[in-house]
1. If the viscosity is 0.890 mPa s and the temperature 25 °C, what Stokes-Einstein diffusion coefficient in µm²/s follows for the range 13-68 when Rh is the Kirkwood radius over Cα pairs?
2. Tell me, rounded to the nearest percent, the portion of alpha carbon pairs in the range 124-186 spaced more than 16 Å apart.
3. For the range 7-138, evaluate the Debye formula with one uniform point scatterer on each Cα (no solvent term) and list log10 I(q)/I(0) at q = 0.16, 0.21 Å⁻¹, rounded to two decimals.
4. Give me the net charge of residue 130's neighbourhood, meaning all other residues with Cβ under 14 Å from the Cβ of residue 130; Lys, Arg count +1, Asp, Glu -1.
5. So for the range 77-209, Kirkwood radius off the Cα pairs, Stokes-Einstein at 4 °C and 1.567 mPa s: how many µm² s⁻¹?
6. Gap in Å between the Cα centre of the range 157-174 and the Cα centre of the range 118-154?
7. Considering only the other residues whose Cβ falls under 14 Å of the Cβ of residue 140, what net charge follows from Lys and Arg at +1 and Asp and Glu at -1?
8. For residue 169, which sequence-distant residues (separation of 5 or more, or a different chain) have an amide H within less than 5 Å of its own amide H, given hydrogens modelled in the peptide plane?
Amino acid sequence: MSKGNFPTFGASKTGTFVSTLKNYNLPPFILEKVAADCKSELVRKGRIEERLQSMNDSALELLHKVFVDCHEDENGVYANYRFFAYISSMFHKCEILLNEKIPGNSGKVYKVPIAVKNNGMYIAVGVNKSSGGPTTKREAIKFYEMVDDIKKGEHGNQLSEGVFGSSVGFDGEALVALEKLSTSRKKDPQNKIDFKTASFQDRIYSVTKC
């Protein structure tokens with residue numbers, strides 16, 4: 001359905017979605033990804049309201065489910081959308097890349113859910129746990145080791161932040177382990193990485209700096 005003359009008869013529901021979603025700070029790459037997933041048109045430029053009006057009903061309903069109603073899905077896609085938008089809000093005017101393949105010093109290539117670039121250099125990476133039990137010590141250490149390996153590689157010179165998000169919380173050992181590992185490297189300015197944990201509660205992310 002074309003939204004060229006929006007709103008049209010029978011479009012009150014989608015009109016409500018647009019009027020609500022325009023107040024959310026939805027980054028362009030999220031609109032583009034949802035439009036692609038829902039086979040929707042999306043005008044390339046314009047005000048957020050105009051871009052939303054160009055999207056089909058399926059795309060608008062999905063955006064509303066994810067960001068307004070904060071629904072969950074079995075595969076954790078909705079939670080990841082929210083995490084990606086949160087990371088984007090932390091790094092204004094930076095390039096946001098999803099499912100980025102980054103080689104580490106070990107030679108292993110990591111598929112990083114979200115990475116941030118500034119002036120062509122990686123400055124931050126992030127992962128999000130969207131289902132299951134609380135994030136464990138083992139998962140926290142695995143994340144640290146990934147970020148550390150990338151930092152030591154040829155693409156990690158400017159990498160300075162690692163953000164571990166979770167929709168299911170963190171157990172105490174996980175937070176303690178990541179804090180100890182993070183603190184241990186602060187004495188060396190060249191290898192300093194600011195590790196953060198972000199929990200999604202009450203429809204927002206609350207970040208605890210490790």
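1. Taking Rh from Cα pairs, D becomes 228 µm²/s.
2. Numbers: 863 of 1953 pairs.
Summing the P(r) of the range 124-186 above 16 Å gives 44 percent of all pairs.
3. For the range 7-138 at q = 0.16, 0.21 Å⁻¹, log10 I(q)/I(0) is -0.89, -1.31.
4. Numbers: positive: 82, 129; negative: 72, 73, 74, 139.
The answer is -2.
5. 88
6. 7
7. So the surrounding residues net to 0.
8. Sorted by chain and number, the residues that satisfy this are 135, 200.
The values are calculated or read from the model by the stated rules, or taken from the named source; none is laboratory data. Computed from a predicted structure; not experimentally measured. Here Cβ is always computed from backbone atoms with ideal geometry, including for glycine, and neighbour counts include all displayed protein chains. Note: accessible area is taken over every heavy atom of the protein model, side chains too, but ligands, DNA and RNA are not part of it. Shrake-Rupley method; radii C 1.70, N 1.55, O 1.52, S 1.80 Å.
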